[in-house]
1. To the nearest 500 deg cm²/dmol, what mean residue ellipticity at 222 nm is calculated for the chain from DSSP H runs of n ≥ 4 alone, each contributing -39,500 (n - 2.57), summed and divided by the residues?
2. For E152 and E227, calculate 0.36 nm times their separation in residues minus their Cα-Cα distance, and state this gained length in nm to one decimal.
3. Any chance you could run the full-extension gain for E193 through S90? It's 0.36 nm times the residue separation minus the Cα-Cα distance, nm to one decimal.
4. Roughly how many nanometres apart are two label points built 7 Å out from the Cα toward the Cβ at R256 and Q175?
5. Counting only chymotrypsin sites (Phe, Trp or Tyr not before Pro) that are in a DSSP loop and have at most 13 other C-beta atoms within 10 Å, tell me the longest site-free stretch of the chain.
6. Tell me, what HN-Hα J-couplings in whole Hz come from the Karplus equation 6.51 cos²θ - 1.76 cosθ + 1.60 at θ = phi - 60° for each residue of segment 13-28, using x for Gly and Pro?
7. Give, to the nearest whole percent, the P(r) tail of segment 151-232 beyond 21 angstrom, counting all Cα pairs.
8. Tell me, how many Å apart are the Cα centres for segment 125-161 and for segment 22-76?
Amino acid sequence: MIQDWELMQTNLSRMEKARIEVAVLPIGAIEPHNRHLPYGQDMLHTTEVGRRCVEKAWQATKKVILLPTLPYGVDCNLMDFPFAMHIRQSTLDALVTDLVRTLKHYDIRKIVLLNGHGGNEFKALIRQLQCDEKVHLFLINWWQVGKDQYNEIFELPDDHAGELETSVALHLYPQWVEAEKAGNGKSKAYRFEALNNGWVQTSRNFGKINDHCAVGNPANATAEKGEKYLNLVCDGISRFLIELAESPLDDAFPFRR
Ligand SMILES: [Zn+2]
């Protein structure tokens, strides 16, 4: 069955009649995730989050469309490991800029970037594009959507390829998870307390953290936890997409009058 809400599979006869208000662009990465998760992890789970959320929003509004996922992300700090497929942030920004301009050409002015990779940054680009293009851009780092309920679902923190990501993978594509190969995700602390406390920040070279490209222990991951977390995240995101689709683009947008 053709899903009208997914640009990849809909067609011209359907799109000629559609009245789209919101476009969702998922953005992932291709990189190692510990020794047990697929390189496509960030692209795969972000695509699926996008599909679930946009389907719900479409059913309620018929005004939201999902674009194909940009697979690659910023990964230069993982390149001590094989085949972390890096593109520069400026390349990613250029791609997003062109796609935003294309959407504006079709009079789509509410655009959601659904990001699934911590190395991708979009805040500065959003600031600039909103000034230059008179569009409204919204950024969702989907793994952060349920962070206030993280501890109710998961036992251990996850920064990269740990309990959250492994649980989500076990729910979505268990055939590509080799759990028995996973390292424990134990990472080195910084030698500077200010960095450990977070008020001084840097970019981490993952090759210096441990030998398996992970921060966070996946040992307690289960498919059930992954499903629970995805449901939580998708409820929140789809509710936002519905509100966004129904909200008029008046002078006060996106603020209250
Ligand atoms: Zn990831």
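1. So the helix-based figure for the chain works out to -11500 deg cm²/dmol.
2. This chain segment gains 25.6 nm when fully extended.
3. Result: 33.9 nm gained on full extension.
4. Here the answer is 4.9 nm between the modelled labels.
5. Value returned for the longest uninterrupted segment is 107-189.
6. For segment 13-28, the Karplus curve yields 5, 7, 5, 4, 8, 5, 10, 7, 10, 10, 10, 10, 10, x, 9, x Hz.
7. More than 21 Å apart: 35 percent of the Cα pairs in segment 151-232.
8. 13
The values are calculated or read from the model by the stated rules, or taken from the named source; none is laboratory data. No experiment lies behind these values; they were computed from the predicted model shown. Positions of Cβ are generated from backbone atoms using ideal geometry, with glycine treated the same way; all protein chains shown enter the neighbour counts. SASA here: full protein model, heavy atoms, side chains in, ligands and nucleic acids out. Shrake-Rupley method; radii C 1.70, N 1.55, O 1.52, S 1.80 Å.
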